[in-house]
1. Restricting the search to region A:73-106, which residues are among the aliphatic types (A, V, I, L, M) and not in a strand (DSSP E or B)?
2. In region A:30-47, what count of residues is obtained for those that are more than 7 Å from chain B (Cβ to nearest Cβ) and either in contact with a strand residue (DSSP E or B) (Cβ under 6 Å, 6 or more places away or on another chain) or in contact (Cβ under 8 Å) with a residue 12 or more places away in the chain (or both)?
3. Inside region B:100-111, can you point out the residues that are assigned to a strand (DSSP E or B) and surrounded by fewer than 18 Cβ atoms within 10 Å (Cβ to Cβ)?
4. Go through region A:107-135 and count every residue that is touching an Asp or Glu at 6+ places or on another chain (Cβ under 9 Å) and not in a loop (DSSP other than H, G, I, E, B).
5. Here are some conditions: (1) part of a loop (DSSP other than H, G, I, E, B); (2) buried (at least 18 other Cβ atoms within 10 Å of the Cβ); (3) within 16 Å of the chain's Cα centre (by Cα). Residue B:114 meets all but one. Which one does it not meet?
6. Write out, first by first residue and then by second, each pair whose Cβ atoms fall under 9 Å of each other, whose residues are 6+ apart or on separate chains, and whose first residue, in region B:87-104, is away from every other protein chain (no Cβ under 14 Å) while the second is in a helix (DSSP H, G or I) and among the polar types (S, T, N, Q).
7. Name the single residue, out of those in region B:23-38 being surrounded by fewer than 17 Cβ atoms within 10 Å (Cβ to Cβ) and of a type in the set (Gly, Ala, Ser), that is farthest from the other protein chains (Cβ to nearest Cβ).
8. Kindly evaluate residue B:62 against the criterion of being within 11 Å of chain A (Cβ to nearest Cβ), over 18 Å from residue B:140 (Cα atoms) and assigned to a helix (DSSP H, G or I).
Amino acid sequence: MTQQTSTAVTVGEELPPFVRETGLENWNRYAAVNDEFVPIHMDDEAGKAAGYPSALGMGNLQWSYLHNVVRDWLGDRGRIVQISCQFRNPNLKGQVVSARGVVEQVTEEAGVVTAQLRVWTETQDGAKLAPGTATVVLD
Amino acid sequence: MRTNVSDAMRGALGNLLTRRTSYPVAESDIRKWALAVYWPQRPPRAFLDASRAPEDFNPFAWAVATTESTGRLAADANAADRTELLAGVPGPGLQFQLNGGLETEYGAPIRPGDVITSENRLDSYSEREGKLGLMLFTVTEDTWTNQDDVVVKRSRMTLIRY
């Protein structure tokens with residue numbers, strides 16, 4: 001059965017954005033926990049040699065930001081069961097990146113309420129970096 | 001028709017790339033991960049208390065307890081032919097690579113003390129012409145289970161090479 005709303009989640013609901021100004025302070029911390037000390041993520045010259053105007057952030061950190069925006073919105077109401085994204089554009093130094101999401105569908109099957117979301121990260125100019133989808137199951 | 005997918009590469013579909021076992025997950029691993037991905041704000045209390053790890057947590061960073069592979073464990077983790085080296089066949093020899101995307105389904109959460117096993121296999125190849133020439137799309141599928149053989153996650157990653 002498909003329904004437009006549940007007691008907890010509404011179709012069309014926008015998630016509060018998860019916003020970070022990005023640069024070496026974020027990337028170095030992420031490299032330190034994920035052992036991701038790749039030159040293009042640490043050094044502007046390496047980024048330029050690869051054709052970019054600066055060093056660029058890790059796709060894996062965009063991936064984490066997508067989880068953060070969904071998790072922060074969901075709280076204790078349920079759990080993330082699926083996330084996907086494509087890495088379309090590089091996260092460059094100094095960009096303000098917002099992870100965002102919107103609820104696209106809410107279904108209930110055998111008492112289990114599931115919400116399908118569209119999620120993405122974007123720059124302050126609205127350029128999409130990592131568009132994708134997420135699915136959450138509500139408790 | 002022009003292709004970068006050799007018969008040997010096609011024959012390697014389904015091959016194990018790596019099977020890795022993590023060291024037991026420590027509370028501080030979870031805490032530091034959460035602090036890094038939420039920085040400069042504080043992460044949710046559950047992660048500071050390390051009652052469970054964030055879904056995106058990687059227990060294989062820095063060191064693993066055991067690793068095995070069908071082929072040769074590549075010395076350079078960023079080598080463009082790394083997938084095929086691990087699969088035990090010659091690679092396409094392309095120069096550039098990008099992470100095209102990820103798709104993950106989650107099961108049981110990771111908790112302190114868990115020992116996670118990752119089994120990563122070569123799933124598929126496809127090709128299409130792009131602005132930068134013939135693009136090779138390689139999909140690998142990675143399944144993580146915990147010490148109770150419960151699935152933690154299944155991920156499909158698309159590597160783009162040209």
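1. As a first pass, look at region A:73-106 and keep what is among the aliphatic types (A, V, I, L, M): A:74, A:80-81, A:83, A:92, A:96-97, A:99, A:102-103, A:106.
Residue satisfying the conditions is A:74 alone.
2. We begin by selecting, within region A:30-47, every residue more than 7 Å from chain B (Cβ to nearest Cβ); these are A:31, A:36-37, A:39-47.
Then drop every residue that is not either in contact with a strand residue (DSSP E or B) (Cβ under 6 Å, 6 or more places away or on another chain) or in contact (Cβ under 8 Å) with a residue 12 or more places away in the chain (or both), which leaves A:31, A:36, A:40-44, A:47.
So the answer is 8.
3. Initially, region B:100-111 is screened for residues assigned to a strand (DSSP E or B), giving B:100-106.
Selection gives B:105 alone.
4. 10
5. Of everything listed in (1) part of a loop (DSSP other than H, G, I, E, B); (2) buried (at least 18 other Cβ atoms within 10 Å of the Cβ); (3) within 16 Å of the chain's Cα centre (by Cα), residue B:114 misses just condition (3).
6. Partner pairs satisfying both residue conditions: B:91/B:83.
7. If we take residues in region B:23-38 being surrounded by fewer than 17 Cβ atoms within 10 Å (Cβ to Cβ) and of a type in the set (Gly, Ala, Ser), then B:26 is farthest from the other protein chains (Cβ to nearest Cβ).
8. no
The values are calculated or read from the model by the stated rules, or taken from the named source; none is laboratory data. None of these values were measured; they are calculated from a predicted model. Using ideal geometry, Cβ is built from the backbone for each residue, glycine included, and neighbour counts are taken over all protein chains shown.
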